[in-house]
Amino acid sequence: MISSLQNTTIKNVVKLQEKASERRKQGLIVVEGEIEITLLFKANLKVMTLFFCKALADDALIARLLAQQQPTQFIEVSLTVFQKIAYRKNATGLLALAAPVFTPIAQLVLPQSPLLVVLEAVEKPGNLGAILRTADAAKVDAVIVCDPKTDLYNPNVIRASIGCIFTKPVVVCTTETCINFLKEQGIHTYAAALSASQPYTTIDFRKPTAIVMGTEATGLSATWLAAADQNIIIPMQGEIDSMNVSVATAVIVFEAVRQRQALS
């Protein structure tokens, strides 16, 4: 058991949590929580270390996880140490270090009529995580993140997604690369925008579709607006002209799901 806060392994976990540069340098991500680690194991990412605290995680839970995959290291830590390395208030006593997977866009395997979510320059980990939860709930085929301003595997992204970052293909690439890929694949692009737009309920999302969302502050770039097949809008009934990007994404995505279910 590790019980010292000065232990070099524990200090390294804290560094991995706090610094994207360390995660890139070491090729490791930090995953905390029962659901998140269960989905991590299910996705077959290589788990290097599993830390556990018996004051918080019972033996049966630990055994269930180990039945799925054996991490390279299996380390018990004291309650004080776990509270040091945990990044959430309601700690469950489980934290894993794993090797991330980065899927090149050219290697995406898509069905005949895919439904994709494309995000440009996303910068808030909470929004990215919430959109990944929507993608999982709606069975979106992939999420493409163009020119991100946040680390894809930021611990707060993993937490906000409740591990859904591991349930769907998530690709990071440039806007130009994404636009070229979508055109080559014959996928229709619908860009959420305030101008020159049609209401999202008038769009046929049953064909190969990419729903493209920008940031709350500036929306989509001129590059995306020029490349899109159609700009779409969610008509606002109140005093403001926009909503949280994760909420807007969910509204449009589930309209696409509704249409596709009606077709089947």
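The values are calculated or read from the model by the stated rules, or taken from the named source; none is laboratory data. None of these values were measured; they are calculated from a predicted model. As a convention, Cβ positions derive from the backbone with ideal geometry for all residues, glycine included, and neighbour counts pool all protein chains shown.
Screening region 2-89 for strands (runs of 3 or more DSSP E) wholly inside it with 2 or more residues that are of a type outside the set (Ser, Thr, Tyr), within 26 Å of residue 164 (Cβ to Cβ) and under 22 Å from the mean Cα position of the chain (by Cα) returns the ranges 29-32, 47-52. Within region 24-62, being among the small types (Gly, Ala, Ser) and surrounded by 20 or more Cβ atoms within 10 Å (Cβ to Cβ) holds for 33, 57.
Entry remark, region 133-189: residues being hydrophobic (A, V, I, L, M, F, W, C) and in a strand (DSSP E or B) number 9 in total. Kindly indicate whether any position in region 51-62 is within 29 Å of residue 141 (Cβ to Cβ) and touching a residue at least 12 places away in the same chain (Cβ under 8 Å). No, the conditions are met nowhere in region 51-62.
When 189, 174, 209 are screened for being in contact with a His (Cβ under 7 Å, 6 or more places away or on another chain), closer than 18 Å to residue 105 by Cβ, at pLDDT 95 or above and not acidic (Asp, Glu), only 209 passes.
Screening residue 166 on (1) surrounded by fewer than 21 Cβ atoms within 10 Å (Cβ to Cβ); (2) at pLDDT 95 or above shows it passes everything except condition (1).
Applying the condition of being in contact with a Lys or Arg (Cβ under 9 Å, 6 or more places away or on another chain) and surrounded by fewer than 17 Cβ atoms within 10 Å (Cβ to Cβ) to region 203-226 and asking which residue is farthest from residue 259 (Cα to Cα) yields 216.
I want to confirm something. Restricting to region 76-106 and keeping residues that are of a type in the set (A, V, I, L, M) and under 16 Å from residue 34 (Cα atoms), which single residue is modelled with the lowest pLDDT?
91
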